[in-house]
1. What does the extension gain come out to for Arg157 and Val36, with contour length at 0.36 nm per residue minus their alpha carbon separation?
2. If I model a spin label at Ala126 and Val149 as a point 7 Å from the Cα along the Cα→Cβ vector, what separation in nanometres do I get?
3. At 222 nm, what value in deg cm²/dmol follows for the chain if DSSP H runs of at least 4 each add -39500 (n - 2.57) and the sum is divided by all its residues, to the nearest 500?
4. Using +1 at the Cβ of each Lys and Arg and -1 at the Cβ of each Asp and Glu in the chain, identify which of Gly31, Ile156, Leu20 lies farthest towards the dipole's positive end.
5. With springs only between Cα atoms under 10 Å, which of Gly31, Gly107, Gly58 fluctuates most in a Gaussian network model of the chain?
6. What whole-number distance in Å separates the alpha-carbon centres of segment 1-30 and segment 76-149?
7. How much accessible surface area, in Å² rounded to 10, belongs to the heavy atoms of Val36 with a 1.4 Å probe?
8. What spacing in nm lies between the two simple spin-label points modelled at Phe52 and Met1, each 7 Å away from Cα in the Cβ direction?
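The values are calculated or read from the model by the stated rules, or taken from the named source; none is laboratory data. Treat the numbers as computed from the prediction; the structure is a model and nothing was measured. With ideal geometry, Cβ positions are generated from the backbone for all residues, glycine too; neighbour counts draw on all protein chains shown. Side chains included, ligands, DNA and RNA excluded: accessible areas come from the protein's heavy atoms. Shrake-Rupley method; radii C 1.70, N 1.55, O 1.52, S 1.80 Å.
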Amino acid sequence: MPLTFTLGPAMTPALRDGILDLWADVSNAGGAVGFVPPVTREAIRPELVKHFTAMAEGRHRLVVGHDEAGQVAATAFLGFNTHRLMTHWLWLYTVMVHPRHQGKGHGRDLMAAVEAAARTFDGIDAIRLACRGGLGLERFYASCGYKEVGRVPGAIRVAPGDDRDDITMLLPLT
């Protein structure tokens, strides 16, 4: 069954809790979304509050995907640049698809929903994201049209002795 995507949904306790559950489940399954397993919802909550604060200030927008049961199954946050010379592109953060929905094309659907959302914003020419090396994420994003435009070797320390590249990808919209 396809997911239903919404840009800028009303923030409710159920949506907040759904995002926390998603983020914990993705992280604990080994997803590269800012944490390493094991992680709890309470450890994630301060990061989610930062996203919500940016949303309240108009700096971030949320794209959320719900499954047929109405559960949060995917998210991505679009971050507008505040630097006056970089307002023509936005950042993509915290791209997640629940492990039970992976392998069904929902990640590609989420990326298409993100691109469609970005195209609704005046003056946005590109989407930029950073991903963790060592997991093949850059191949997935490349298959969605993104191009690698930078790489910092060993910039992400997942654990002692386990450093990963920080890879920057860009999707031109024009």
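1. Stretched out fully, the Arg157 to Val36 stretch lengthens by 42.5 nm.
2. In this crude label model, Ala126 to Val149 measures out at 0.2 nm.
3. Counting only the DSSP helices, I get -9500 deg cm²/dmol.
4. After comparing all options, I get Ile156.
5. Gly58
6. 16 Å
7. Estimated to the nearest 10 Å², Val36 gives 60 Å².
8. 2.7 nm
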